Amino acid sequence: MTEIQQSRRASTAIRASTFTESVIREMTRVANQYGAINLAQGFPDFPMPEPMKDAACAAIHGDVNQYAITWGSPALRVAIANKYRSFYGMEVDPEREITVCCGATEAMAAVFLALVDPGEEVIVFEPFYENYGPDAILAGAKPVFVPLESPDWHFDPDKLRAAFTNKTRAIVVNTPHNPTGRVFTREEISLIAELCQKWDVIAITDEIYEHIRYAGGHHVIATWPGMRERTVTISGLSKTFSCTGWRLGYAIAPAEMTSPIRKVHDFLTVGAPAPLQAAGAIGMAFDSDYYNHMAMEYRVRRDIMCSALDEAGFKYAPPEGAYYILADFSEISDLESREFALWLTKEVGVATVPGMSFYSRPELGGSVTRFAFCKKADTLQRAAERLAQVKATV
Ligand SMILES: Cc1ncc(COP(=O)(O)O)c(C=O)c1O
């Protein structure tokens with residue numbers, strides 16, 4: 001029987017046959033089942049900004065309820081362009097260089113499908129946000145992994161250099177990084193930029209945590225000399241405005257790349273929700289006070305989480321950005337990461353994501369688990385109280 005016949009019998013296309021259920025979403029279900037505090041999935045349990053909620057309601061009542069222009073409402077695209085000019089000194093043409101998508105997730109998938117051919121290689125830092133692997137598979141591309149090495153999650157420049165070949169089409173640059181909390185330095189971004197130009201490779205970024213940082217600036221690789229023309233900058237509103245359910249993200253790229261991205265996006269989803277785009281434009285116009293305040297609140301959350309992990313005996317690198325800690329539990333337990341996460345959920349009442357789900361080979365993440373601390377201080381304090389029992393429970 002051919003591979004296709006076998007897959008037909010299983011009613012699964014070959015391209016989807018290796019996909020597993022998202023472990024992150026699965027852990028949320030397990031958390032609910034056991035009444036655990038959910039530090040697994042990266043969604044905030046606090047409200048998003050009121051002016052944006054009001055704007056969304058006003059848009060719905062004002063009958064902004066039909067399809068927006070497929071690549072994004074003009075107001076949102078203009079607001080995005082204005083923000084990139086004022087925050088990053090980057091000129092973006094809202095008419096030709098922005099595609100608003102249903103989240104950074106759809107933007108990433110659309111970009112892979114639009115720009116990467118089957119057989120081409122895409123460099124991905126490992127551990128990685130779990131969608132990049134499936135995105136590569138959907139595009140028929142081959143992911144090539146470069147390790148971010150514990151304990152501080154830096155990459156070895158020589159390993160990165162060795163990953164670039166004539167087959168490399170793209171590199172995914174996610175900073176601030178999920179799941180490690182790393183923020184790439186200016187030097188690291190410069191090396192990536194240099195290699196992209198040397199090997200004629202495009203950078204596909206995921207900058208969804210750009211405003212959640214505890215140390216260091218955010219470096220937008222598209223603003224590096226020679227990179228604007230070979231970079232797709234992806235970001236979104238989910239994390240910045242605590243509205244993961246709104247599904248608003250975008251890809252910024254030169255017009256030649258934006259044209260195919262828009263076509264793929266159109267066929268995938270037609271467009272992101274129109275009334276929410278109207279409200280998104282209000283948020284994108286917030287000034288730096290909003291972002292500074294948000295970062296300050298996240299610093300408090302991070303500090304609560306770090307103290308709780310210290311107390312419980314986890315080893316970790318304090319995050320420089322994003323809202324995750326990838327913590328090593330090998331001094332607490334010999335269990336494998338999935339077993340450990342299930343144990344922690346059921347016995348201690350705190351849900352995390354097993355490290356294996358961020359690696360190409362599960363054993364690489366065998367002794368780490370990811371805590372998401374995008375939660376109210378009160379939620380984190382309750383989690384800390386439970387985690388204080390870890391040593392007694394083992
Ligand atoms: C690195 C990274 N990219 C993208 C996303 C999803 O973004 P969106 O909600 O815009 O699809 C997440 C969500 O956790 C993430 O961690």
Item to complete: May I ask you to list the aspartates and glutamates whose Cα is less than 14 Å away from that of residue 159, ignoring any residue fewer than eight positions away on the same chain?
Response: 126, 149, 188
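If the only charges are +1 at each Lys and Arg Cβ and -1 at each Asp and Glu Cβ, what is the size of the charge dipole of the chain around the Cα centre, to the nearest 20 debye?
On the way: 38 positive and 48 negative charges, 123 e Å.
Its charge dipole is roughly 580 debye.
Which value in Å does the Kirkwood hydrodynamic radius of the stretch 64-284 take, with 1/r averaged over all unlike C-alpha pairs and then inverted?
Details: mean 1/r = 0.0578 Å⁻¹.
That comes to 17.3 Å for the stretch 64-284.
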Response to the item:
GNM on the chain, Cα springs under 10 Å; top mean-square fluctuation among 16, 281, 163 goes to 16
Discussion item. Need the list of aspartates and glutamates near residue 263 for cross-linking: C-alpha distance under 14 angstrom, and skip anything on the same chain fewer than eight residues off.
Written reply: 97, 106
Discussion item. Let me check the size of the stretch 71-122 from its C-alpha atoms; what are the radius of gyration and Dmax in Å?
Written reply: 13.2, 39
Discussion item. Just want to confirm a number: the relative contact order over the stretch 241-343, from Cα pairs under 8 angstrom separated by 6+ residues, in percent.
Written reply: 16
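In deg cm²/dmol, rounded to 500, what helix-only [θ] at 222 nm does the chain give when every DSSP H run of at least 4 residues adds -39500 (n - 2.57) and the total is split over its residues?
Values: 15 runs with 164 residues, N = 394.
After summing the helix terms and dividing by residue count, I get -12500 deg cm²/dmol.
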Discussion item. With every atom except the alpha carbons ignored, what do you get for Rg and Dmax of the chain, in angstroms?
Written reply: 20.8, 63
Worksheet item: Roughly how many debye, to the nearest 20, is the charge dipole of the stretch 64-284 about its Cα centre, given +1 on each Lys and Arg Cβ, -1 on each Asp and Glu Cβ, and no other charges?
Response: 440
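Explain nothing, just the number: relative contact order of the chain, from Cα pairs under 8 Å at least 6 residues apart, as a whole percent.
Details: 778 pairs, mean separation 94.8, N = 394.
Computed value for the chain: 24 percent relative contact order.
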Worksheet item: Going by how many other beta carbons lie within 10 Å of each one, how would you line up 39, 115, 342, fewest first?
Response: 342, 115, 39
Worksheet entry | Unit charges on C-beta of K, R, D, E only; dipole of the stretch 237-394, Debye | 420
Worksheet item: Given a Förster distance of 41 angstrom, what is the FRET efficiency for residue 347 paired with residue 95, based on the Cβ-Cβ distance and rounded to 0.05?
Response: 0.15
Item to complete: Return the subset of 142/198; 315/375; 53/376; 346/376; 239/315; 53/346 for which the Cα-Cα distance in this structure is over 29 Å, preserving the input order.
Response: 53/346
Worksheet entry | Choice from 89, 133, 321 with maximal GNM fluctuation in the chain (Cα, 10 Å cutoff) | 89
Practice prompt. For a footprinting-style exposure proxy, rank 364, 276, 148, 76 by other Cβ within 10 Å, fewest first.
Written response: 364, 148, 276, 76
Practice prompt. Among 352, 20, 185, determine the one that fluctuates most according to a GNM of the chain built with springs between C-alpha atoms less than 10 Å apart.
Written response: 20
Discussion item. Positive end of the dipole of the chain, charges at C-beta (+1 Lys, Arg; -1 Asp, Glu), about the Cα centre: which of 329, 388, 267 has its Cα farthest in that direction?
Written reply: 267
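The numbers here are math on the coordinates, done by the rules we state, and not lab data. Here the structure is a predicted model, which is why all the values come from computation and not from measurement. As a convention, Cβ positions derive from the backbone with ideal geometry for all residues, glycine included, and neighbour counts pool all protein chains shown.
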